[in-house]
1. Taking the criterion of being open to solvent by less than 30 Å² (accessible area, probe 1.4 Å) and in contact with a His (Cβ under 7 Å, 6 or more places away or on another chain), would at least one residue in segment A:50-72 satisfy it?
2. Determine if segment A:18-25 includes at least one residue that is of a type in the set (A, V, I, L, M, F, W, C) and open to solvent by 80 Å² or more (accessible area, probe 1.4 Å).
3. Please give the strands (runs of 3 or more DSSP E) falling wholly within segment B:89-146 in which 2 or more residues are outside the structural domain of B:ALA46 (by TED's automatic domain parsing) and surrounded by 17 or more Cβ atoms within 10 Å (Cβ to Cβ).
4. Inspect segment B:49-56 for any residue being in contact with a helix residue (DSSP H, G or I) (Cβ under 6 Å, 6 or more places away or on another chain), surrounded by 15 or more Cβ atoms within 10 Å (Cβ to Cβ) and in contact (Cβ under 8 Å) with a residue 40 or more places away in the chain and give the result as yes or no.
5. Against the definition (in contact with a strand residue (DSSP E or B) (Cβ under 9 Å, 6 or more places away or on another chain), touching a residue at least 60 places away in the same chain (Cβ under 8 Å) and within 14 Å of chain B (Cβ to nearest Cβ)), how does A:CYS61 come out, yes or no?
6. Scanning for something farther than 23 Å from A:SER62 by Cα and of a type in the set (Asp, Glu), does segment B:140-150 turn up at least one residue?
7. Looking at segment A:30-42, can you tell me whether even one residue there is surrounded by 13 or more Cβ atoms within 10 Å (Cβ to Cβ) and assigned to a loop (DSSP other than H, G, I, E, B)?
8. Could you count how many residues in segment B:60-80 are under 23 Å from B:ILE106 (Cβ atoms) and surrounded by fewer than 18 Cβ atoms within 10 Å (Cβ to Cβ)?
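The values are calculated or read from the model by the stated rules, or taken from the named source; none is laboratory data. Computed from a prediction, not measured in an experiment: that's the story for all the values here. Note: ideal-geometry Cβ built from the backbone for every residue, glycine included; neighbour counts use all protein chains shown. Surface areas here come from the heavy atoms of the whole protein model, side chains and all, with no ligands, DNA or RNA. Shrake-Rupley method; radii C 1.70, N 1.55, O 1.52, S 1.80 Å.
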Amino acid sequence: MRINCPLCGTRDRREFYYYGAEDYLDRPAPEAPAQAWDDYLHNRDNPAGVTRDLWYHDLGCSSWLVVTRNTVTHEILAVEAVADRKGGAA
Amino acid sequence: MPELIAKSALHGQAPKVALGTTLSEGVVEKMVSVAPYPGRGAAVDAVLGALGLRFPAAGEAVAAGDVRLIWVGRGMAFLLGADAPAGLAEHAALTDQADGWAVLRIAGPVAVDALMRPFPVDLRAAAFPVGKVARVPLNHMQAVLCRTGEDAFEIMVFRSMARTAWHEIAEAMDVLEARARAS
């Protein structure tokens with residue numbers, strides 16, 4: 001399995017650290033209802049198919065990435081830098 | 001005040017030569033990381049312009065004489081061979097890195113073959129030309145790899161990993177030498 005890092009190119013997945021679901025990018029406001037915090041911290045879909053999650057290129061360029069992949073075929077469908085997505089620093 | 005004796009990470013390590021290729025410890029006297037603050041890219045380039053430099057793109061090394069600026073990760077580059085120019089600290093986070101890294105140099109006809117064993121990247125000239133930089137693991141060590149010439153590379157690892165990095169590359173050279181002798 002290989003991940004195409006936007007800065008480093010295609011690299012082996014062992015260079016990357018898996019963090020968790022993409023849901024971690026949508027942190028509720030501090031005063032948000034308990035249900036929103038419960039969803040953010042604990043409730044995850046477990047799809048047989050396309051899923052999106054966060055990876056960190058720790059043996060490479062230190063980018064946080066949103067990886068779209070298929071849990072059935074192990075195909076990597078898209079890789080996007082979190083910084084680009086939020087319009088942050090390059 | 002007493003003068004402290006500066007020692008390099010591989011102090012006393014003699015260069016290793018195999019198949020006309022030399023592995024040696026490099027010396028970096030000045031090394032500062034430059035991480036531009038959000039939205040300050042143009043301002044950082046303007047200050048670096050005074051040195052004849054600009055902030056490098058991903059995988060790029062920029063040089064002006066003996067002063068180099070090499071990309072080392074998302075939003076970060078190392079300035080080598082000079083102090084940070086005046087005014088840069090307003091637009092970028094600057095951190096002295098000189099004590100934290102060890103530099104190894106390898107040059108010669110089997111440099112590419114030796115490095116392609118521990119580094120999982122294509123180092124042939126078409127894929128990794130002179131001047132290219134990559135963050136790439138040296139086995140399990142975080143490293144910076146830079147091609148400084150047709151047959152010459154510079155490898156940077158955390159200072160605490162210097163001997164392990166040396167061992168991995170020296171062993172790759174030994175294997176190539178043994179194979180050449182056997183054939």
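1. yes
2. Of segment A:18-25, the ones of a type in the set (A, V, I, L, M, F, W, C) are A:21, A:25.
Okay, now just the ones that are also open to solvent by 80 Å² or more (accessible area, probe 1.4 Å), so none.
Taking every residue of segment A:18-25 in turn, none turns out to be of a type in the set (A, V, I, L, M, F, W, C) and open to solvent by 80 Å² or more (accessible area, probe 1.4 Å).
3. Here the list reads B:101-107, B:133-135.
4. Restricting attention to segment B:49-56, the residues satisfying the condition of being in contact with a helix residue (DSSP H, G or I) (Cβ under 6 Å, 6 or more places away or on another chain) are B:54-55.
Subsequent filtering for residues that are surrounded by 15 or more Cβ atoms within 10 Å (Cβ to Cβ) retains B:54-55.
Those still in the list that are in contact (Cβ under 8 Å) with a residue 40 or more places away in the chain too: none.
No, segment B:49-56 has no match at all.
5. Judged against the criteria, A:CYS61 is not a match.
6. Yes.
7. Narrowing segment A:30-42 to residues surrounded by 13 or more Cβ atoms within 10 Å (Cβ to Cβ): A:36-37, A:39-40.
Checking which are assigned to a loop (DSSP other than H, G, I, E, B) leaves us with none.
No, segment A:30-42 has no match at all.
8. So the count comes out to 3.
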